[in-house]
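The values are calculated or read from the model by the stated rules, or taken from the named source; none is laboratory data. Quick caveat: nothing in here was measured; it's all calculated off a predicted structure. With ideal geometry, Cβ positions are generated from the backbone for all residues, glycine too; neighbour counts draw on all protein chains shown. Heads up: the accessible areas ignore ligands, DNA and RNA and are worked out on the full protein's heavy atoms, side chains in. Shrake-Rupley method; radii C 1.70, N 1.55, O 1.52, S 1.80 Å.
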Amino acid sequence: MGVALDGNLPEDYNAGELRLIGTQFAALTPVNCMKMTHLQPVEGRFDFRMADRLVAFAATNRLKVCGHCLVWAKDERTPQWVFRDGEKPSSRELLMQRMQTHIQNVAGRYRGKVISWDVVNEALDDGTNFIRASTWFSTLGEEFIVKAFQFAREADPDAVLVYNDYNIELPAKRAKLLRLLRLLREKQTPIQAVGIQGHYELDAVLYQDIEDTIA
């Protein structure tokens, strides 16, 4: 059982919360402090302070860390410098190099300290398209997903590599997930798990759809 935490650990949590974390959970995942917008808001200037504190807190409390996330496939969730080259859009080569550099720095820094990485987050479209419209996709195509996993595996040979998304228990988006997994397997992508973001309401959990998706 895991818990999502963020902020300056442990100072931002009271004694009761820390006791709950220490006695009831075996793993933690960061809410925001390992996302690209936090770690590298400016190109080449990494801010690992909060993420380092989270990893140190986990080690002190014998909690495993699930890293989230290396590439978030939404333009509004990615620092805008990533997609720009001065006054021009980033070229294919530059965008790929920036993704590789970020993954190498982040996954490499926490190699051996995290048990898994959400490598690509929320790449599937909610409408009729297959992949969500984004600059990642328009510039690199589906290859950005494949390459992200390859870069993550190079940076950390041991972490479990995860594709993560929401609403994939719903039949239409589940079909896209299965299509994506077939594509990744055909390209021998080192994906090992799928994360189902459970944005569930207590009186409206789609148990059968969840079971069908897992199956």
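When the residues of the range 124-162 are filtered to those that are over 16 Å from the mean Cα position of the chain (by Cα) and in a helix (DSSP H, G or I), the one that is nearest to Val106 (Cα to Cα) is Glu154. Applying the criterion of at least 2 residues that are under 26 Å from Ile131 (Cα atoms), without any contact (Cβ under 8 Å) to a residue 40 or more places away in the chain and open to solvent by 40 Å² or more (accessible area, probe 1.4 Å) to the helices (runs of 4 or more DSSP H) found wholly in the range 1-118 leaves 92-109. Checking each residue in the range 119-144 for being touching a residue at least 40 places away in the same chain (Cβ under 8 Å) and open to solvent by 30 Å² or more (accessible area, probe 1.4 Å) picks out Asp126, Arg132, Thr135, Phe137, Thr139, Glu142.
The listed residues are Gln150, Gln192, and the only one of them that is surrounded by fewer than 20 Cβ atoms within 10 Å (Cβ to Cβ), under 26 Å from Gly2 (Cα atoms) and not aliphatic (A, V, I, L, M) turns out to be Gln192.
Each row is one residue, and each column tells you yes or no for (1) on the phi < 0 side of the Ramachandran plot; (2) of a type in the set (Ser, Thr, Tyr); (3) in contact (Cβ under 8 Å) with a residue 60 or more places away in the chain.
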position: Glu169; (1), (2), (3): yes, no, no
position: Lys176; (1), (2), (3): yes, no, no
position: Arg182; (1), (2), (3): yes, no, no
position: Gln188; (1), (2), (3): no, no, no
position: Ile196; (1), (2), (3): yes, no, no
position: Tyr200; (1), (2), (3): yes, yes, no
position: Val205; (1), (2), (3): yes, no, no
position: Gln208; (1), (2), (3): yes, no, no
position: Thr213; (1), (2), (3): yes, yes, no
